[in-house]
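No lab work stands behind these numbers, since they all come straight from the coordinates. Just so we're clear, the structure is a prediction, and the values are computed from it rather than from any experiment. With ideal geometry, Cβ positions are generated from the backbone for all residues, glycine too; neighbour counts draw on all protein chains shown.
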Amino acid sequence: MALANNAWATRQNYLRGVRCLMLHFNKRPEDCSVDELKAYLVHTRDVQQLSSSSVNLRVCGLKYYFREVAHRLDLVVSIPNPRHQKYFTEILNTQEVLRLFGACRDMRQLLVLQLIYETGMRVREVVRLRTADFDKQLRTVTIHNSKGRKTRTVPYGETLRQTLRQYCKARGSVPPNTLLESIKEPGQPLSQRGVQYIVRDAVKRSGISKRIHPHTLRHTFAVHYLNFGGTLPQLQQLLGHEYITTTLHYLKYAHIPGRDALSVLDTLKQ
């Protein structure tokens, strides 16, 4: 999984699913029968009280093991994927986004928040950015080796350009290997935990009561992009989604601009 560039969290979740099954039956997963596998998953849901999404992670981990390690495709097919609950995604309105920006302590905090909101980047993509990734003429930023080992280029506007200029001017010199430098470790990139702290601190100072984390700004970017006239195929490319079905999730939060409300009944009778 490491060679396939799977995320660290994914590796840990998949390993946990396999390890817990082995401890439960005290034998290798491929030595379990289909009925035992199903009984174990029911046990995790009903006895251990795991959520549907957590059970689904266990299933994904086991299926990966059976497919890639044990080469038991019969067990892959036999394990059902539980239907998992669709949780509410917190979205900020435009006033809340502005309040969040206004609550930033310094230019670095502001740059972090504006980068995620303007481009929809993931946290690990933000901390990997270098100054060389920005094309000042085309106003684009290239995101290298993202999720699934993909590279994509996204545009940015005048506001972010000005924030970048002010940040670089305030910093004096920016290390070539990172745009966002760690305060505790000079010369080293800001950590993902550091980004989480920056967002949490800005939220606290803003007084916004919603539960907000860095990914909330990515979700908010997606919904606002559609609200402001962007298209789904464009949004899919900007977010780096492999499948359009993932991007479609944001439609239930968006209000797509268009002409005046249409009455099909009135139109029928014209």
Label model pair residue 70, residue 11: point-to-point distance (7 angstrom along the Cα→beta-carbon line) in nm is 2.2 nm
Note, residue 241: beta-carbon cut-off 12 Å, +1 each Lys/Arg, -1 each Asp/Glu, net +4
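Where does the charge balance sit around residue 167 when Lys and Arg score +1, Asp and Glu -1, over other residues with C-beta under 12 Å from its C-beta? Don't jump to the answer; show the numbers that get you there.
Working: positive: 108, 161, 165, 169, 171; negative: 106, 181.
The answer is +3.
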Surpassing 32 Å at the alpha-carbon level, of the pairs 169/204; 136/210; 63/147; 63/204; 184/204, are 136/210; 63/204
Here segment 41-53 yields Karplus 3J(HN,Hα) values (6.51, -1.76, 1.60; θ = phi - 60°; whole Hz; Gly and Pro given as x) of 5, 5, 4, 5, 7, 8, 9, 7, 6, 6, 6, 4, 5
Length-normalised contact order of the chain, Cα under 8 Å, at least 6 apart, in percent, tallies to 18 percent
Given unit charges at Cβ for Lys, Arg (+) and Asp, Glu (-), the dipole magnitude of the chain about its Cα centre in debye, nearest 20, is 520 debye
Ranked by GNM mean-square fluctuation in the chain (Cα springs under 10 Å), the top entry among 79, 208, 256 is 79
Note to self: C-alpha centroids of segment 66-126 and segment 166-185 sit apart, in Å, by 25 Å
The chain, Gaussian network, Cα under 10 Å: of 12, 237, 188, the residue fluctuating most is 12
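Can you check how the C-alpha radius of gyration of segment 8-78 compares to 2.2 N^0.38 Å, as a plain ratio?
Here the answer is 1.01, to two decimals.
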Cα convex hull volume per residue for segment 1-154, in Å³, equals 166 Å³
Among trypsin sites (Lys or Arg not before Pro) in segment 168-218, those in a DSSP loop whose Cβ has at most 15 other Cβ atoms within 10 Å are 184, 210, 211
